[in-house]
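Visitor: One structure, pasted below without further comment.
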Amino acid sequence: MTHRLDEVRAHADDVSVLRRGRLVSTRAMTDRSDAAMHALTRDIMGGEPPAPVARRPHAPGEVAFDVRDVRLGRALRGVTLSVRAGEIVGVAGVEGNGQRELLQVLSGLEAPDGGEVQGGPVEVVYEDRHAEGLVLGASVRDNLVLGELARFTPRSGIVDARRLEAEARARLERAGVVPPDLDAPAAALSGGNQQKLVVARAAARAERAAVFVFAQPTRGVDVGAARAIHEEILRLAEAGKAVVVVSADLGELRTLSDRILVLARGRLVGEFPPDTPEARLGQAMLGGAGARAEGAP
């Protein structure tokens, strides 16, 4: 089972599409053309797929997040990066090369053995929505305001249920979660809708956060949910937030990022513009000779 059409195109002999619990099509993969993949996407979406997102021309502001010579055990070996207000910096790498440890340091969950992290406050969307982003047995309402109960509790100590309800409803509508049922348990939502919920909750905290970190933001979601999540990330950058996207999906990084940094064996081994061919980025991820970009750290 996969959401990735490139995997279907490369490996499948037959493909069946499930949408909202129903089998909607089965195709033999005798045709692997772009037109065939487009038709398969229509089956998944139930209509024409959305156009890819595109960044508008912009000029990043001052440095909002600065990481200097961060070290953590054998996982991070002197990582230095900076992110400006309004900028999206992508971090690429083969999984297991320090991404998770970097995320823990950036979020403040782990103190580095050495180096400095300056800037913030930081809002993080973690890579495992089930273990780190949601309380699956709790309602959609509760998950949308998770960790914020104090905001809706006046001095009397009694939760202002009407205010909480209005805020949860606004976040739900912004996320486009289907079905739009605040009372449903989060576990009842599809993976894509669960991820949209997590991203919407993070984005709603934009007034209090200057830096946003997204780890694998569209892993395991369909193209429609991925488009909605990408739009939210772009909106945050356009609002002047500094954004870091850690992803194993090079297409995602090339779509969103102003710059792509490659992490390999706990070190940043290159910095590349977003139009860099995937083959070159892949070479850098694997530590290939000549992979370092000109001027990279």
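Throughout, read-outs are computed from the coordinates displayed, never taken from laboratory work. Small disclaimer: the values here were computed from a predicted structure and weren't measured. Note that we place each Cβ from the backbone using ideal geometry, even for glycine, and neighbour counts take in every protein chain shown.
Visitor: Using the Cα atoms of segment 138-188, I'd like the radius of gyration and the largest Cα-Cα distance, Dmax, both in angstrom.
Guide: Taking only Cα atoms of segment 138-188, I get Rg and Dmax of 11.2, 35 Å.
Visitor: Follow-up question, since we're still on this one. Take ASP13 and ARG155, extend 7 Å from each Cα along the Cα→Cβ direction, and tell me the distance between the two endpoints in nm.
Guide: 7.3
Visitor: Taking Rh as the Kirkwood radius, which is the inverse of the mean 1/r over Cα pairs, what is the Rg/Rh value for segment 159-242?
Guide: Result for segment 159-242 is an Rg/Rh of 0.97.
Visitor: Over the Cα atoms of the chain, Rg to Rh with Kirkwood Rh, two decimal places?
Guide: The Rg/Rh ratio comes out at 0.98.
Visitor: Tell me which of ALA202, SER82, ALA228 sits at the most positive position along the dipole axis of the chain, charges placed on C-beta atoms (Lys, Arg +1; Asp, Glu -1).
Guide: Value: ALA202.
Visitor: If we count other beta carbons within 10 Å of each Cβ, what is the order of ASP183, ASP113, fewest first? Mind showing how you got there, number by number?
Guide: Values: ASP183 8, ASP113 12.
Least to most surrounded, the residues fall as ASP183, ASP113.
Visitor: Taking the dipole about the Cα centre of the chain, with the C-beta of Lys and Arg at +1 and of Asp and Glu at -1, give me whichever of ALA28, LEU261, PHE214 is farthest to the positive side.
Guide: About the Cα centre, the residue reaching furthest to the positive side is PHE214.
Visitor: Also: Suppose every K and R has +1 on its Cβ and every D and E has -1 on its Cβ; what is the size of the dipole of the chain about the Cα centre, in Debye to the nearest 20? Could the numbers behind the result be given before it?
Guide: Values: 39 positive and 41 negative charges, 59 e Å.
With only Lys, Arg, Asp and Glu charged at Cβ, the dipole is about 280 debye.
Visitor: Then there's this: How do ARG155, ARG100, ARG141 line up, fewest other C-beta atoms within 10 Å first?
Guide: ARG155, ARG100, ARG141
Visitor: Mark the label point 7 Å from the Cα of ASP69 along Cα→Cβ and return the residues of segment 95-118 whose backbone N is within less than 18 Å of it.
Guide: Those under the cut-off are 112-118.
Visitor: Obtain the nm distance between the two label points defined at ARG205 and ARG55 by a simple spin-label model: each point lies 7 Å from its Cα along the Cα-to-C-beta direction.
Guide: That separation, rounded to one decimal, is 2.5 nm.
Visitor: Take the chain, mark every one of the GluC sites (Glu not before Pro) that falls in a DSSP loop and has at most 16 other Cβ within 10 Å, then report the longest stretch left between them, sites excluded.
Guide: That gives 208-293 as the longest site-free run.
Visitor: Rounded to the nearest angstrom and ordered from largest down, what semi-axes does the equivalent ellipsoid of segment 5-45 get from its C-alpha gyration tensor (root of 5λ)?
Guide: Over the Cα atoms of segment 5-45, the ellipsoid semi-axes are 17, 11, 8 Å.
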